[in-house]
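Below: one structure, written as structure tokens.
The values are calculated or read from the model by the stated rules, or taken from the named source; none is laboratory data. All figures in this text were calculated on a predicted structure; none of them were measured in a lab. Cβ placement follows ideal geometry from the backbone for every residue including glycine, while neighbour counts extend to all protein chains displayed. Accessible surface is based on the protein model in full, side chains and every heavy atom, while ligands, DNA and RNA are left aside. Shrake-Rupley method; radii C 1.70, N 1.55, O 1.52, S 1.80 Å.
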Amino acid sequence: ITSSGHCYDSMDEDCCLPLGAQHQHQDNHDNQHCQDNENNAEEDEHFQQVCKSYQQYATFHQTRQQGVNRRMCQLLNSLPRHTVSPDNSTAAIVSDGPTIQSILPPSLLPQTLENQQYQKQFCDATIRNQFFLDNVLKYSGVMTSQEVLRQRKQCNDDGGAAVMEWATEDQMSKVDSVLKSLARDWSCEGREERSVVYDRMVGALEKYMPLENGGDEHDPSTTPPRVAVPGSGLGRLAWEIYSRGYSVQGSDFSLPMLLASDFMLNGCGFPGSDEADGSSDQGSPFRQFGISPWMSETKNTASMKHRLRTVVVPDVDPTNLQYNGNDDGDEMHDAPEFTMIAGEFLSNYSHFLPGHQHAHNGHQHAKSIKKFHAIACSFFLDTAPSLPHYLLTIYHMLEDGGLLINFGPLMYHWSGHGGLCPGDLDTSTNSNSGNSDVSSVYQKRNKYLDPRYVSNIDYTWEEVRYMILQCGFEIVEEETYIPAPYTSDAKSMMKVVYDCAFLVARKKTN
């Protein structure tokens, strides 16, 4: 992998125990093979579900709008009790003053020209977003929404019963999050928001690990420092670091994000052609798309114009990855690499832990040879189901003297569920079978809860800072209460701003 491209890969390591704390080897290869087949089947099913949510985006949101239209008709046909005359006649209501219909904006009233214009604008916004998502699907070798519809129509024409399985609201919300993240990471409108985070992190990397100190400039074997960017999302931070001349490995667990980032980083480098409402103008050297990332937001909106407005992505050519360093034509130095891997953080990197670095034959694990010189965590640490495991893994991923650069809040993704209530420790009513230390009521209440919610612990920043020091880091820079929004709509009437912590810590040399 060179500066002209990058890859996506899945690290199919041996399965880790919960939280990645231990590593076990299966002696029974048949059992391991069966387990691998089951995992592959689950991954394939998940991939199909994500693709389905992409394919059904426009249909989903247009149906949502139909529901709003139905409610409006019901509202107009309703007669509030306080306006009905005592004799139950409705004739007197008309002259009593304003009516529901008279006070509503024309754009909300069926059959009006203003309403027809609004419905068309909303439909156009769904089509814009669907067009982008279809390009992502096409790049990934998956049927687009139009191809699915044609296949369904053909099945009906042939006399078959085309049963449609629809994506859930939860699955569709993840697609909406992808569109908002696109605006944050790859649009001019998101520049101010991401600069608060990315500029500070990249600046710290260049300050504490400048490229000229990455090795002996007269040594042909000198390679750029290696930087890991876990939880890289749509890849802009990883791309920014790589553009400075560092070798970068991004990673993420979210498949909806990975599909979109793969397309953004690899699929936008070709001139668009006749793609109205969806692609760049004729003079652009790379493909750009107009999307409406805030279309699904119905609360705290000042106007429909703000809600449906178009944002152009990407704002730069992501495939033109020319780093800014070494412009003197020196070919003695290795070119930086840019790779992306899919998977949960501990599954991807727990092989760096001491208990994982030796295989059966006693040789060091091949993937453990190349440690990182820096790890850049943007809004990432609080996504950990077990923060101590993440910090220990980060420590062992780094070379001596390596940097941990962190920016983010302590929102804790796995917080808020699975807590104990009074009586939950009373096991006297439990059945004799099992040896649970919690009551059957607690078990029943959390039966379908992800185990990561149950194991999660929320830490204060002081506690996080203490753990970082105890791991073997020294803090070289720290700042707290830095205001930073995340995928925030600049036109919204409500904005969430996190007071974030920024920290640069260096791994002590043993």
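Listing for the model above:
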| item | result |
| --- | --- |
| Probe 1.4 Å, accessible area per residue of the stretch 135-255, Å² | 47 |
| Whole-number D in µm²/s for the stretch 380-483 (Stokes-Einstein; Kirkwood sum over Cα pairs; 4 °C, 1.567 mPa s) | 79 |
| Distant-in-sequence amide H partners of residue 377 (H built 1.01 Å from N, under 5 Å) | 405, 406, 407 |
| 3J(HN,Hα) from dihedral phi, the stretch 62-75, Karplus parametrisation 6.51/-1.76/1.60, rounded to Hz, x for glycine, proline | 5, 5, 4, 5, 4, x, 5, 4, 5, 5, 5, 5, 5, 5 |
| Net dipole in debye of the stretch 446-510 [+1 Lys, Arg Cβ; -1 Asp, Glu Cβ; about Cα centre; nearest 20] | 280 |
| Partner lysines for residue 153 [C-alpha distance under 21 Å; skip if fewer than 8 residues away on the same chain] | 52, 138 |
| Ranking by accessible area, most exposed first, for 143, 264 with a 1.4 Å probe | 143, 264 |
| Amide H partners (placed H, <5 Å) of residue 426, local residues excluded | 439 |
| Fraction of accessible area attributable to carbon and sulfur, the stretch 399-510 (%, probe 1.4 Å) | 51 |
| J(HN,Hα) series, the stretch 372-384, from Karplus relation 6.51 cos²θ - 1.76 cosθ + 1.60, nearest Hz, glycine and proline x | 9, 8, 7, 10, 9, 10, 10, 6, 10, 4, 7, 8, 6 |
| Scattering profile of the stretch 124-164 at q = 0.24, 0.28, 0.32, 0.33 Å⁻¹ [log10 I(q)/I(0), Debye over alpha-carbon scatterers] | -0.79, -0.87, -0.96, -0.99 |
| The stretch 367-485, dipole about Cα centre (Lys/Arg Cβ +1, Asp/Glu Cβ -1), debye to the nearest 20 | 640 |
| Rh by Kirkwood over Cα pairs, then Stokes-Einstein D for the stretch 99-231 at 1.002 mPa s and 20 °C, µm²/s | 103 |
| Listed residues 128, 452 arranged by accessible area, highest first, probe 1.4 Å | 452, 128 |
| Candidate lysines - alpha carbon under 25 Å from residue 507, same-chain residues fewer than 8 apart omitted | 207, 367, 370, 371 |
| Additional length obtainable on full extension of the chain from residue 425 to residue 299, 0.36 nm per residue less Cα span | 41.3 nm |
| Other-chain or far-sequence residues with amide H under 5 Å of residue 372's (modelled H) | 398, 399 |
| Of all accessible heavy-atom area on the stretch 106-173, the percent that carbon and sulfur account for (1.4 Å) | 53 |
| Spatially proximal lysines relative to residue 495 (Cα-Cα < 19 Å; intrachain offsets below 8 disregarded) | 180, 299, 305 |
| Probe 1.4 Å - accessible area at residue 207, Å² to nearest ten | 130 |
